[in-house]
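K.L.:
Have a look at this one.
The values are calculated or read from the model by the stated rules, or taken from the named source; none is laboratory data. Computed from a prediction, not measured in an experiment: that's the story for all the values here. Here Cβ is always computed from backbone atoms with ideal geometry, including for glycine, and neighbour counts include all displayed protein chains. Ligands, DNA and RNA are excluded from the accessible area calculation, which covers all protein heavy atoms including side chains. Shrake-Rupley method; radii C 1.70, N 1.55, O 1.52, S 1.80 Å.
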Amino acid sequence: MPNTKPLAAALRHALSINRWLIAFALLETGAALALSVAYGLPYSNRTFQSIVNLLTVLTPVYLLVLLIWTVAGLALAEPRARPIPLLLQRLRATFGDLPRMASGAVGLFSITLFFSGFTYIKSVIPDVVPFGWDVALANLDRAIHGGVDAHRLLGPLFDTPLATTAVNAAYHFWFFLLYFFVFVACFTATNPDARQRFLIAFPLVWGLGGSLAALIFSSAGPCFYQLIGLGDRFVPLMQKLQSFAETSPVWSLDVQAALWVGYNQETAIRGISAFPSMHVASTTLMMLYAFTWRRWAGWLMLGFLGLILVGSVHLGWHYAVDGYAGIALTVAIWAVVGRLLEGRARAPEAASQPAAM
């Protein structure tokens, strides 16, 4: 009979090391169920569908990217060595590391379960708390930008069809990059402390920001400002984007149209919520994690963060304050999680020290 003890030990290790991530995933799922019951809303969980999409679409692409990265790293480190044997040795060591693979699989499943709950909560926000903060957020945005709406300040740099398409491409690339960071964090063996910090901060950022704060400060964003009956304040921005789309693609307009249909007809594509910007918040988290790996990677992600912040405003998704709030929340969570993990790490050391006489 095959020896199942190594597999059982690896699974126990995976459940232990990811216990906080599992707890947050169950908490988000429980919150989604509670809202469904409390407000009489139909509940749906898409964990299985998400897992299938992740395994059949995104994971092969991520593995290809990581394979290319590994080959390039080996070629630079040992240019005179035979690359194929070195690569096969590296792959056997990676995929043969049972605890690492088990931990990654449990972590990835937990985040997928978390996002299923998160997606449901986001989809029912208008049903639970009607949009009521757009005017206040728009006025605050104008006040802190010298009496001018933030999107108008971006005009000199981004008011061309090509620039808008480029910003929109980066804004959509965010989705691929987000799951890539999650995939790497789940399976990496490098810097386990940073891995744990990221995977604990991740659900906290999305849960506290994208679920709790989004419910409290329910808002639709500039692109839906007129559609929810608040006036024509952002009509010039949306008309400008429509005119750009006649020359160069502005894919956000199609997504916004689909979300508005979902809002009115409860289709599969739903989830209007502006405050805080989770594009900006999650990119901030990716940037902080990247700095724990390589300084150049952190600075690269800082540039990407700036692009996402610009895109969130220029494409009509968010008021600039939505992004500022996302950055502040994420930095605070990252700092608190880091402090707590450092405290837990010091506790056993302090306990092992002999008592003073």
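K.L.:
Which value in Å is the Kirkwood Rh of the range 95-185 over different Cα pairs? Let's see the in-between values first.
P.N.:
Values: mean 1/r = 0.0573 Å⁻¹.
So the Kirkwood estimate lands at 17.5 Å.
K.L.:
Also: Per 10 Å bin from zero, what fraction in whole % of the C-alpha pairs of the chain is there, up to the bin with the longest pair?
P.N.:
All Cα pairs, binned at 10 Å, distribute as 5, 21, 30, 24, 13, 6, 1, 0, 0 percent.
K.L.:
Separate question: Normalised by the empirical 2.2 N^0.38 Å for globular proteins, what value does the Cα Rg of the range 55-138 take? Let's see the in-between values first.
P.N.:
On the way: Rg = 21.6 Å, N = 84, 2.2 N^0.38 = 11.8 Å.
It is 1.82.
K.L.:
Right, here's the next one. Taking a probe of 1.4 angstrom, what is the accessible area of residue 159 in Å², to the nearest 10?
P.N.:
The accessible area of residue 159 comes to roughly 60 Å².
K.L.:
I'd like the accessible area for residue 224, computed on protein heavy atoms only with a 1.4 Å probe and all protein chains in place. Round to 10 Å², please.
P.N.:
That residue has around 10 Å² of solvent-accessible surface.
K.L.:
Let me ask something else. Taking a quarter of the surface of the convex hull around the Cα atoms of the range 230-279, what do you get in nm²?
P.N.:
On the way: hull surface 18.2 nm².
Value for the range 230-279: 4.5 nm².
K.L.:
Using only the alpha carbons, work out the radius of gyration and Dmax of the range 175-290 in angstrom.
P.N.:
Final numbers for Rg and Dmax: 17.5, 53 Å.
K.L.:
Going by accessible area, probe 1.4 Å, with all protein chains left in place, what is the ranking of 46, 92, 233, largest first? Before the final figure, lay out each step's value.
P.N.:
On the way: 46 100, 92 160, 233 45 Å².
The most accessible residue leads, giving 92, 46, 233.
K.L.:
Please give the net charge around residue 149, taking every other residue with its beta carbon less than 9 angstrom from that of residue 149, where Lys and Arg add +1 and Asp and Glu add -1. Show your work: numbers first, answer last.
P.N.:
Details: positive: 142, 152, 233; negative: 141.
Net charge in that neighbourhood comes out at +2.
K.L.:
Determine the share of the range 89-212's accessible area contributed by carbon and sulfur atoms, expressed in whole percent, with a 1.4 angstrom probe.
P.N.:
Working: 3560 of 5210 Å².
Ligands and nucleic acids excluded, carbon and sulfur reach 68 percent.
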